[in-house]
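The values are calculated or read from the model by the stated rules, or taken from the named source; none is laboratory data. Note that the structure is predicted; figures quoted are calculated from it, not measured. Every residue, glycine among them, receives a Cβ derived from its backbone with ideal geometry; neighbour counts consider all protein chains shown. Accessible surface areas use protein heavy atoms only, side chains included; no ligands, DNA or RNA. Shrake-Rupley method; radii C 1.70, N 1.55, O 1.52, S 1.80 Å.
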Amino acid sequence: MKKILTGILACLFTGCMLVGCGGNKAADGQVELKLGHIQSESDLWQKGAEKFKEEVEKKSNGTMKVTIYPNSTLGGDRDLAEGMQMGTVDFALIAGVLGNFDKSISLLELPYLFDNHEQYDTVVNGAIGKKISENVLKSSGIRILNWWDRGPRQVTSNKPINTLDDIQGLKIRVPEIPAMVETWRAMGASPTPMAWSEVYTSLQQNVIDAQENPVPFIYGGRIQEVQKYIALTEHKYEYVTLAMSDKKWQQLTPEQQKIIQDAAQAATEYENKLVVEQSDKMLKEMEAGGLQVTKPDKAPFAAKAKAAHEAYAKTVDLDLYHEILQAIAR
């Protein structure tokens, strides 16, 4: 009986060593980590992800390995978020979908909430951003490591947009985010929620008339191939989070957690610098290729959008909304 018990314990110990005792270690002790996102290999997200991978592997002396899965290989935004909750995805670059798990972050999705990048930066990288991150972690088990800048969102279409009248009834694709749907409807458009993976084909087949995104996203998605105009509406200063499964975070040692935090900070600084450097260059390249630029007066758009903010905020967290306004002195 003693020999049998000893054999069982030996098998259990060997199995535990092979699978990392329920963690994410390979047989040689290396920690294997997966990072997913929905953009292409040529997008700035991929470059930022590669910087994160480089920093993790360098700082850990190769004991931690990050494998990147672009192009929705691990699924769309919702799939990535749910994967982090289950622990099957370790990191993801995701944004508005987090509002499905904690509503407080959805306030950041309101078009014309911020008048400029400075206001946006004050909120997401200050006390309010920290509070929202804590809310998301508590509600979803998803840990926001850092906020990556994406630049302001602009509208592409097959007709020029110069005034608010030009978007009345416009069938515009928006992400599957209620705050954006309601605000675009308040501006008079006909918002159509749709997954990003369906946008190019839907524009090509005239299922929708327009879409809106930051310039690097438009460029990376080759939207200029199926749209004639871009209106510089700057209706939303945009972020994407570098997020992590808290299940995986808790499996790491304090030293490994610090490596992840330091690598996330380095990747964030790298990504944000790239966005500033590349956005104007990408816009000029698309313009040289035939995409026509319009610069509408943003004030009427903003006035209509802001008129819908408070009603939406009441369904989320009115006090937090007023904290945001106070932080940006509005």
- Among the residues of region 97-106, is there at least one that is over 21 Å from residue 271 (Cα atoms), at pLDDT 95 or above, crowded, with 18+ Cβ neighbours inside 10 Å and touching a Lys or Arg at 6+ places or on another chain (Cβ under 6 Å)? no
- Please name all residue pairs, on different chains or six or more residues apart, with Cβ atoms under 6 Å, provided the first residue is in region 50-64 and is within 13 Å of residue 260 (Cβ to Cβ) and the second residue is modelled with pLDDT under 95. 63/30
- Item | Number of the exception - residue 198 against (1) within 18 Å of the chain's Cα centre (by Cα); (2) part of a strand (DSSP E or B) | (2)
- Query: Quick one: how many residues across region 28-62 are open to solvent by 10 Å² or more (accessible area, probe 1.4 Å) and in a strand (DSSP E or B)?
  - Reply: 2
- Do you know which residues across region 13-48 are closer than 19 Å to residue 87 by Cα and modelled with pLDDT of 95 or more? 31, 32, 33, 34, 35, 36, 37
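Out of 79, 90, which single residue is in contact with a Leu (Cβ under 9 Å, 6 or more places away or on another chain) and either charged (D, E, K, R) or at pLDDT below 95 (or both)? Step through it out loud before you land on a result.
Details: 79 fails: in contact with a Leu (Cβ under 9 Å, 6 or more places away or on another chain).
Only one candidate passes the filter, namely 90.
Is at least one residue of region 313-321 more than 29 Å from residue 144 (Cβ to Cβ) and open to solvent by 40 Å² or more (accessible area, probe 1.4 Å)?
Step one: filter region 313-321 for residues more than 29 Å from residue 144 (Cβ to Cβ), giving none.
No; the residues of region 313-321 include none that is more than 29 Å from residue 144 (Cβ to Cβ) and open to solvent by 40 Å² or more (accessible area, probe 1.4 Å).
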- Query: Are any residues in region 276-287 open to solvent by 100 Å² or more (accessible area, probe 1.4 Å) and of a type outside the set (D, E, K, R), and if so, which ones?
  - Reply: 276
- Message: So the check is Cβ under 6 Å with 6+ separation or different chains; which pairs have a first residue in region 102-119 that's at positive phi and a second one that's of a type outside the set (A, V, I, L, M, F, W, C) and surrounded by fewer than 24 Cβ atoms within 10 Å (Cβ to Cβ)?
- Response: 112/306
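If the requirement is being out of contact with any helix residue (DSSP H, G or I) (no Cβ under 7 Å at 6 or more places or on another chain) and open to solvent by 90 Å² or more (accessible area, probe 1.4 Å), which of these qualifies: 273, 248?
Working: 248 fails: open to solvent by 90 Å² or more (accessible area, probe 1.4 Å).
Going through 273, 248 in turn, the sole match is 273.
Can you tell me which residue is most open to solvent (accessible area, probe 1.4 Å) among those in region 205-231 that are part of a loop (DSSP other than H, G, I, E, B) and in contact with a Phe, Trp or Tyr (Cβ under 8 Å, 6 or more places away or on another chain)? Working first, answer last.
Residues of region 205-231 that are part of a loop (DSSP other than H, G, I, E, B), as a first pass: 205-209, 221-222, 226-228.
If we keep only those that are in contact with a Phe, Trp or Tyr (Cβ under 8 Å, 6 or more places away or on another chain) as well, we get 221-222, 226.
Numbers: 221: 16, 222: 113, 226: 22 Å².
Checking each candidate, the answer is 222.
Filter region 106-137 down to the residues that are part of a loop (DSSP other than H, G, I, E, B) and either closer than 25 Å to residue 193 by Cβ or over 17 Å from the mean Cα position of the chain (by Cα) (or both) and list them by number.
Kept after step one, since they are part of a loop (DSSP other than H, G, I, E, B), are these residues of region 106-137: 110-116, 125-126.
Within region 106-137, 110, 111, 112, 113, 114, 115, 116, 126 meet the criteria.
Restrict the check to region 268-290 and report whether at least one residue is among the hydrophobic types (A, V, I, L, M, F, W, C) and closer than 13 Å to residue 45 by Cα.
At the first step, the residues of region 268-290 found to be among the hydrophobic types (A, V, I, L, M, F, W, C) are 274-276, 282-283, 286, 288.
Still in the running and closer than 13 Å to residue 45 by Cα: 274-275.
Among the residues of region 268-290, at least one is among the hydrophobic types (A, V, I, L, M, F, W, C) and closer than 13 Å to residue 45 by Cα, which makes the answer yes.
Out of all the residues in region 138-173, which are aliphatic (A, V, I, L, M) and assigned to a loop (DSSP other than H, G, I, E, B)?
As a first pass, look at region 138-173 and keep what is aliphatic (A, V, I, L, M): 142, 144-145, 155, 161, 164, 167, 170, 172.
The answer is 161, 170.
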- Item | Matching residues, region 63-81, being out of contact with any Gly (no Cβ under 8 Å at 6 or more places or on another chain), open to solvent by 10 Å² or more (accessible area, probe 1.4 Å) and part of a helix (DSSP H, G or I) | 78, 79
